[in-house]
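The values are calculated or read from the model by the stated rules, or taken from the named source; none is laboratory data. Since the model is a prediction, treat every value here as computed from it, not as a measurement. Every residue, glycine among them, receives a Cβ derived from its backbone with ideal geometry; neighbour counts consider all protein chains shown. Note: accessible area is taken over every heavy atom of the protein model, side chains too, but ligands, DNA and RNA are not part of it. Shrake-Rupley method; radii C 1.70, N 1.55, O 1.52, S 1.80 Å.
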Amino acid sequence: MNNAADNYPVIDACMRFLSKDAEYLFYLAVIVYWFTRKRENREMVAQALTSACLAFGIGTILSHLFYRDRPFVTHQVHQMIEHAANASFPSDHSIGSFVIAFSIFLYRKKDGVIWMALAALIAFSRIWNGVHYPLDVLSGALIGIVSSMIVYQLFAKLAWPRKLLSGAINLYESVEFRIWKKS
């Protein structure tokens, strides 16, 4: 996949954007969904952020247990973006984008499909740009998706996480509605 890099200027530019800057769209989405002031969106965001904590925790443990150099360290590749020569496995970009995208998908199918497609493009761009192997991004995607499913199921099946989440949102909203009146 990386062999095609550096041959198509328009695609290369898109891949650089996806690898370096598209993750900010996910951060923006979390903020926008939260500030729509809909309870379901706030629950979705809270679960997405909880899932992200779980997923990144798993990813950190795996990166220490199964350290692997990045492709540009061990092979001749077209490295299209700057990157530190740290652990390649699993891909943090894939974890982050898929954990948020799948959390959205669990609540809002149509939106989620779009976010999942963007997450897949980000994952692909990391291979294109020579900073990850395919297994790195696939494992990152799997970690993100499974973490989202686990957290979603925990909130669906256990009363105490739902009560904790509801109480936290109620507390937040009691402060928010004093500062910013709900219309």
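Only residues that are among the hydroxyl-bearing types (S, T, Y), within 15 Å of S148 (Cβ to Cβ) and out of contact with any Gly (no Cβ under 9 Å at 6 or more places or on another chain): list them for the stretch 92-126, please.
Y107
Tell me, please, whether a residue that is part of a helix (DSSP H, G or I) and closer than 25 Å to W115 by Cβ can be found in the stretch 63-75.
The answer is yes, given that some residue of the stretch 63-75 is part of a helix (DSSP H, G or I) and closer than 25 Å to W115 by Cβ.
What single numbered condition from (1) outside any helix (DSSP H, G or I); (2) open to solvent by less than 80 Å² (accessible area, probe 1.4 Å) fails to hold for S174?
With respect to (1) outside any helix (DSSP H, G or I); (2) open to solvent by less than 80 Å² (accessible area, probe 1.4 Å), S174 is out only on (1).
Would you confirm, using the coordinates I've provided, whether F89 is in contact with a Gly (Cβ under 9 Å, 6 or more places away or on another chain), open to solvent by less than 70 Å² (accessible area, probe 1.4 Å) and touching a residue at least 12 places away in the same chain (Cβ under 8 Å)?
Yes.
Filter the stretch 111-122 down to the residues that are open to solvent by less than 20 Å² (accessible area, probe 1.4 Å), of a type in the set (A, V, I, L, M) and in contact with a Leu (Cβ under 8 Å, 6 or more places away or on another chain) and list them by number.
The answer is I122, and nothing else.
Give me the pairs: first residue in the stretch 60-81 and open to solvent by 100 Å² or more (accessible area, probe 1.4 Å), second residue of a type in the set (G, A, S) and assigned to a loop (DSSP other than H, G, I, E, B), beta-carbon distance under 7 Å, and six or more apart or on different chains, which are they?
Y67/A87
In the list S103, S97, which residue meets the criterion of being within 24 Å of D12 (Cβ to Cβ), modelled with pLDDT of 95 or more and either open to solvent by less than 20 Å² (accessible area, probe 1.4 Å) or in a helix (DSSP H, G or I) (or both)?
S97
So, in the stretch 140-163, exactly how many residues are of a type in the set (A, V, I, L, M) and closer than 15 Å to V45 by Cβ?
1
What residue, among those in the stretch 1-47 that are modelled with pLDDT under 90 and acidic (D, E), is most open to solvent (accessible area, probe 1.4 Å)?
So, considering only residues that are modelled with pLDDT under 90 and acidic (D, E), the one most open to solvent (accessible area, probe 1.4 Å) is D6.
Of the numbered conditions (1) on the phi < 0 side of the Ramachandran plot; (2) not in a helix (DSSP H, G or I), S166 fails exactly one; give the number of that condition.
With (1) on the phi < 0 side of the Ramachandran plot; (2) not in a helix (DSSP H, G or I) applied to S166, the lone miss is (2).
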